[in-house]
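Take a look at the structure below.
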Amino acid sequence: MKILIPVFIFSFLFLFHAIKATYPVVLMHGLDQNATTIKPVINWIHKYLGDDVYVKSVEIGDGFWNSFFYKMFDAVNEFCSKVKSDPILKNATKINVIGHSQGGLIARGYVEFCNDPPVHNLITWVTPHQGLFGFPKEEYKWLDKILQSSAYIKEIQDTITVAQYWKDPLNYNLYLEKSIFLPYLNNEIADKNEQIKKNIMSLNSLTLVLSNVDDIINPKESAWFAFFDDKFQNIIPYNETQLYLEDWIGIRYLDENKKLNFQATNCRHEDLPLYCESDFVKITLPLLK
Ligand SMILES: *[C@@H]1O[C@H](CO)[C@@H](O)[C@H](O)[C@H]1NC(C)=O
Ligand SMILES: *[C@@H]1O[C@H](CO)[C@@H](O)[C@H](O)[C@H]1NC(C)=O
Ligand SMILES: *[C@@H]1O[C@H](CO)[C@@H](O)[C@H](O)[C@H]1NC(C)=O
């Protein structure tokens, strides 16, 4: 008996510790960046959760250039195979995933089409979930110009990442017909993929972070699954979109089960993985514990 009690306590502590263990974290960077740019996030995770937490920053193609020029579905597949072939991740029971901007679409693609190992908490920072229409910032004017005139031309779709989630609210049917990525990711197509919905519904939580001062994606509310109406005048809130009302991808289910979190930050779009440590601590860190 004297021996059994400490053994019992020890086992209990061990079990408790095992339950509390943090899942590995996988990061997916955004446009105009590479897997190294997001390094501050790796440092923050280690600073607050300890060096033992495994963090992988996934690269797609060569990183920087391929964040502009790639097929988004190839990026999703590459993300899946990089997770699946990682010696630590492939043994994980679950993972937490953070996607920045475009990286959030790739991360959501992972959940919808692979999810092996399954994602526990998915966190997207300033991700244009409903697509974007307009790329206002001066340094991207060249891209905006191409997309305004030619986003739905096949060669552009096959080449430019942003074209594949460019959604012209005044030409919705053209978008549905020609876009090779977002209508599938959002299950907007007539032939709905039920597995997508199941996989999103299996998340413990989905956290959507919007930047109040976002001048890169238009509209910034796309980060919260909102988008322009078909007259390009007002923004339709997430819960008045068809995607939500008919629950094409399980977002409504998450919302009704209090698993959908809306967060806002005053950090700039491009700064989130670099300089916004206090927002990271406030919004993202609790989800990684
Ligand atoms: C990745 O980005 C970092 C800084 O953001 C830069 O210093 C580095 O040269 C880039 N690497 C590649 C291979 O593009
Ligand atoms: C992963 O699991 C396999 C099979 O159980 C095992 O052989 C391998 O050593 C594990 N890898 C790591 C890094 O723990
Ligand atoms: C949509 O969500 C907002 C914020 O949660 C809420 O105030 C509003 O009542 C909802 N609208 C509908 C139509 O459910």
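Before moving on, here are some points about what is shown:
- Across ARG252, ARG268, the residue with the most accessible area heads the list, and the full order at a 1.4 Å probe is ARG268, ARG252.
- Inter-label distance, nm, simple model (7 Å from Cα along the C-beta direction), TRP65/LEU285: 3.9 nm
- Percentage, to the nearest whole number, of Cα pairs in segment 80-142 over 15 Å apart: 56 percent
- For the cross-link pairs LYS154/LYS192; LYS82/LYS141; LYS141/LYS198; LYS47/LYS82; LYS137/LYS167; LYS82/LYS258, the ones whose C-alpha atoms lie over 27 Å apart are LYS82/LYS141; LYS141/LYS198; LYS82/LYS258.
- 12 Å reach of a label modelled at LYS145, 7 Å along Cα-to-Cβ, counting backbone N of segment 207-239: none
- Rounded to the nearest 10 Å², the accessible area of LYS231 at probe 1.4 Å: 130 Å²
- Degrees, to the nearest 10: 4-20 long Cα axis against longest axis of the chain: 10 degrees
- Relative contact order %, segment 192-289, counting alpha carbon pairs below 8 Å whose residues are six or more apart: 35 percent
- Entry comment: accessible area of the chain is 47 Å² per residue, from protein heavy atoms only and a probe of 1.4 Å.
- Overall shape: oblate for segment 158-280, with the ratio a/c of the largest to smallest alpha carbon gyration tensor axis at 1.5 or above and b/c at least equal to a/b.
- Degrees between helix 102-113 axis and first principal axis of the chain (Cα, 0 to 90, nearest 10): 70 degrees
- Farthest toward positive dipole pole in segment 56-166 [+1 Lys/Arg, -1 Asp/Glu at C-beta], among VAL83, PRO118, SER57: PRO118
- Expressed as a whole percent, the accessible surface of the chain that belongs to carbon and sulfur atoms is 57, based on a 1.4 Å probe.
- Exposure rank, largest accessible area first [VAL58, VAL281; 1.4 Å]: VAL281, VAL58
- Here the relative contact order of segment 215-266, from alpha carbon pairs under 8 Å that lie six or more residues apart, stands at 18 percent.
- Shape category assigned to segment 124-215 from the gyration tensor of Cα positions, a/c cut at 1.5: oblate
- Nearest 10 degrees, 0 to 90: helix 72-84 Cα axis against the chain principal axis: 10 degrees
- Prolate/oblate/rounded label for segment 183-238 (Cα gyration tensor, a/c 1.5): oblate
- Where a label projected 7 Å from the Cα of GLN195 along Cα→Cβ would reach, residues of segment 56-85 with amide N under 20 Å: 72-85
- Residues of segment 107-129 with amide N under 11 Å of a point placed 7 Å along Cα→Cβ from TYR54: 117
- Sequence-separation-based contact order of the chain, relative, with Cα cut under 8 Å and 6+ spacing, percent: 19 percent
The values are calculated or read from the model by the stated rules, or taken from the named source; none is laboratory data. Everything numeric here is computed off the predicted structure, so don't read it as measured data. Note that we place each Cβ from the backbone using ideal geometry, even for glycine, and neighbour counts take in every protein chain shown. Just so you know, the surface numbers come from the protein's heavy atoms only, side chains and all, with ligands and any DNA or RNA stripped out. Shrake-Rupley method; radii C 1.70, N 1.55, O 1.52, S 1.80 Å.
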